[in-house]
Amino acid sequence: MDKNSIIGFVLIAAVLFGFTFYQSKQAKKQAELQAQLDSIALAEKIARGEIDTSAAATAALEYEQALATESVAAEEGAKSAKIFKDSALDAAYNAEAQILALENDKFKVEFTTKGAQPYSVLIKDYYNYDSTALYVFHPDNLEYNISVYTGEFIQTKDFNFVVTEQTDSTLVMRLPFSGGKYIEQRWAISKGSYKVDNTLSFIGEGLVPRNVSSFDIDFRVTMPRMEKGYKNETQYSKLNFYYEGDKKPVEIGRGRNGSKRVERFDWFACQQQFFSAIMSAPDKFASGELAVEFFPEADENRNLMHCSALMRADLKPNRDNVIPFEFYFGPNHFKTLKSFDKKYEKIIPLGGWLVGWFTRYAIIPMFDFFSRFIKSYGLIILLMTIVIKIVVFPLTYKSLASSAKMAALKPEIEKINKKYPKQEDAMKKQQATMDLYKRANVSMMGGCLPMFLTFPILWAMFRFFPASIELRQQPFLWCHDLSAYDSIVDFGSRIPILGDHISLFALLMAVTMFIYSKFTMNNQAAASDPSAQSMQFMTVWMMPIMMFFICNNLSAALSYYYLLSQLISIIQTLVIRKSVNKEELLAKVRASEGKPLPKSKWQQRLEEAQRLQEQQMKQQRRR
């Protein structure tokens with residue numbers, strides 16, 4: 001085709017388009033003009049009394065109602081007229097849904113025949129923070145849909161299944177096809193368990209064509225808020241999935257929206273802070289698109305998060321397919337989840353390998369042991385703190401003893417500061433201080449090492465208390481729920497960083513930390529040392545303030561534990577300081593003055609650095 005032909009076709013197309021646009025515009029204007037004329041004519045007739053206004057209004061209302069009725073009838077007609085290739089599906093498509101329930105001593109699970117899926121889960125013996133009934137998900141807030149090709153593409157959520165069996169522990173529903181074929185959903189629970197067994201079956205020769213090797217599963221659930229503090233609840237809520245052989249599941253979210261494409265995985269868990277909805281496939285999910293989205297704090301329905309898992313599962317060719325699944329709707333209780341032997345318990349955030357190991361094999365057994373004999377969890381935390389302090393005392397003793405000796409050596413430290421007041425003598429002052437500590441057998445580094453050794457214990461408690469469902473809604477003193485923050489002042493509105501309240505346990509913990517830090521730091525280096533001043537400011541002021549803001553919105557049990565730990569440390573320090581004979585220590589130091597002491601490698605390096613500094617200063621003076 002030459003250039004002229006192309007230009008010709010383009011011009012013809014442009015003319016046709018322009019003419020069509022012009023005609024459409026003119027028709028619209030004509031319709032508007034006609035409507036105006038009709039309105040004017042109607043108004044003139046009403047003015048002349050030819051038309052009764054009440055009759056006109058009635059006629060208009062009747063006309064609108066007729067249109068609405070026609071629209072509804074059209075929708076119903078379209079629904080009833082929907083024809084499937086398999087005519088047996090038509091009745092199931094138009095049938096009314098029923099709500100049925102399975103119930104044991106732990107929970108009540110409602111099912112709907114529309115899609116043969118769970119409808120709601122009510123957990124017994126647990127309540128929301130406001131004392132209302134606790135649902136893992138509310139009615140109609142879960143979708144469990146199976147999409148499969150059976151000669152035509154169908155989705156089970158569109159059909160009402162027929163109930164073929166119902167007992168106290170079992171519910172069987174079927175979607176019938178022609179020729180005696182059917183899709184079956186079997187649900188079963190057992191006494192004393194939060195587990196729901198599900199068996200999906202495709203029964204009948206040719207129900208699923210031989211060339212179809214998979215089906216899709218859409219699992220979507222909206223979980224409500226259940227706890228006091230939105231921030232704390234979202235921080236410990238997330239979506240998890242697990243690969244066989246891994247040490248722990250992979251997390252998505254943790255208070256933030258997230259999604260991930262995964263292949264060949266075993267199970268996934270929609271995890272609220274203390275309760276979870278878990279779905280497991282013994283034969284694995286072939287693939288999946290997992291996502292979690294959090295609702296804002298101001299959500300009018302008080303929803304927490306929406307989890308979705310769009311998955312694909314394999315079918316076995318040339319035979320009936322019976323595919324087992326397993327659901328868990330219940331609390332994040334460590335021993336309960338561990339009893340399934342599928343790493344479910346790993347969704348509880350207990351820390352990394354070292355901290356997690358200490359929590360699993362020391363903290364949790366000790367907590368469970370005391371729980372057998374004591375009902376008050378506040379007293380249990382007190383006993384746990386005492387036991388931990390006794391166990392780690394051999395590690396902390398050296399640090400506390402060094403601190404006590406430093407307090408006794410304060411007069412000698414002040415003499416050194418007066419002897420080297422200038423900044424350029426800082427190296428000499430440090431060397432003299434180290435020499436003094438060595439004569440008094442005080443190890444500064446020895447005091448730091450026990451702190452590092454006990455840090456995993458501190459971090460383990462930081463992870464354990466907010467994740468422990470045993471503390472949920474357990475009162476102690478003025479606190480109504482040890483798993484949430486306690487509140488003595490409520491502002492009514494959120495203040496940046498602080499929140500909308502003041503926690504008394506957090507405040508007492510911060511004040512105690514300030515007193516302990518002030519108590520220990522004042523007996524160390526003199527205030528004239530700039531580095532000591534900076535250290536004192538960070539330790540005495542900044543750390544307590546930071547810890548208050550951190551713990552103000554966290555578990556009251558955590559702040560209470562830190563408070564007890566600080567109080568016991570103060571008592572230990574006072575006892576050890578009483579055991580140090582100040583006069584005897586000073587006499588020993590003064591008696592050793594002028595006598596040579598073996599030098600450590602660190603001291604040798606310090607002296608070498610001092611020598612080099614003095615040489616540089618002499619060279620600068622010569623210039």
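The values are calculated or read from the model by the stated rules, or taken from the named source; none is laboratory data. Everything numeric here is computed off the predicted structure, so don't read it as measured data. Quick reminder, even Gly has a Cβ in these numbers, built from the backbone with ideal geometry, and neighbours come from all protein chains shown.
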Read through the list (1) of a type in the set (G, A, S); (2) touching a strand residue (DSSP E or B) at 6+ places or on another chain (Cβ under 7 Å); (3) within 28 Å of I123 (Cα to Cα), then give the number of the only condition that S339 fails. (2)
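Condition test on F215, is it aromatic (F, W, Y) and more than 30 Å from V292 (Cα to Cα)?
Working: aromatic (F, W, Y): yes; more than 30 Å from V292 (Cα to Cα): no.
In short, no.
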Have a look at K342, K260, K284 and point out the one that is in the same structural domain as Q185 (by TED's automatic domain parsing), touching a residue at least 24 places away in the same chain (Cβ under 8 Å), more than 15 Å from the chain's Cα centre (by Cα) and within 28 Å of K231 (Cβ to Cβ). K260
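Any idea how many residues of segment 361-378 are in a helix (DSSP H, G or I) and either under 25 Å from the mean Cα position of the chain (by Cα) or touching a residue at least 40 places away in the same chain (Cβ under 8 Å) (or both)?
Residues of segment 361-378 that are in a helix (DSSP H, G or I), as a first pass: 361-371, 377-378.
From what's left, either under 25 Å from the mean Cα position of the chain (by Cα) or touching a residue at least 40 places away in the same chain (Cβ under 8 Å) (or both): 361-365, 367-368, 371, 377-378.
The number of residues fulfilling the criteria is 10.
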Quick one: in segment 155-203, of everything that is part of a loop (DSSP other than H, G, I, E, B) and of a type in the set (S, T, N, Q), which residue is surrounded by the most Cβ atoms within 10 Å (Cβ to Cβ)? S193
Number of the exception - M366 against (1) in the same structural domain as P209 (by TED's automatic domain parsing); (2) modelled with pLDDT of 90 or more: (1)
Of all residues in segment 113-132, how many are over 15 Å from P331 (Cβ atoms) and either in contact with a Pro (Cβ under 8 Å, 6 or more places away or on another chain) or of a type in the set (A, V, I, L, M) (or both)? 3
Within segment 254-273, does at least one residue satisfy the condition of being touching a Phe, Trp or Tyr at 6+ places or on another chain (Cβ under 6 Å), under 30 Å from F369 (Cα atoms) and of a type outside the set (D, E, K, R)? yes
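Can you tell which of V196, V212 is under 29 Å from the mean Cα position of the chain (by Cα), at negative phi, assigned by TED's automatic domain parsing to the domain that holds C270 and among the aliphatic types (A, V, I, L, M)?
Numbers: V212 fails: under 29 Å from the mean Cα position of the chain (by Cα).
Within the list V196, V212, the selection yields V196.
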Which residues, counting only those in segment 130-179, are of a type in the set (G, A, S), on the phi < 0 side of the Ramachandran plot and within 31 Å of the chain's Cα centre (by Cα)? A133, S147
I'd like the residue in segment 272-299 that is of a type in the set (F, W, Y) and in a strand (DSSP E or B) and, out of all such residues, is farthest from K335 (Cα to Cα). F294
Test result for K248, surrounded by fewer than 19 Cβ atoms within 10 Å (Cβ to Cβ), under 27 Å from C270 (Cα atoms), touching a helix residue (DSSP H, G or I) at 6+ places or on another chain (Cβ under 7 Å) and not β-branched (V, I, T): yes
Tell me, which residue of segment 387-405 that is in contact with a helix residue (DSSP H, G or I) (Cβ under 6 Å, 6 or more places away or on another chain) and not aliphatic (A, V, I, L, M) is farthest from S579 (Cα to Cα)? K389
Any idea which residue in segment 328-347 is surrounded by the most Cβ atoms within 10 Å (Cβ to Cβ), counting only those that are more than 19 Å from A362 (Cα to Cα) and among the aromatic types (F, W, Y)? F329
Residues of segment 142-183 being without any contact (Cβ under 8 Å) to a residue 24 or more places away in the chain and within 29 Å of K124 (Cα to Cα), which ones? T164, E165, T167, V172
Mind counting the residues in segment 228-254 that are assigned to a loop (DSSP other than H, G, I, E, B) and out of contact with any strand residue (DSSP E or B) (no Cβ under 7 Å at 6 or more places or on another chain)? 7
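So which residues in segment 119-141 are part of a strand (DSSP E or B) and without any contact (Cβ under 8 Å) to a residue 12 or more places away in the chain, if there are any at all?
Quick first cut of segment 119-141, residues part of a strand (DSSP E or B) only: 119-127, 133-137.
Matches in segment 119-141: A133 only.
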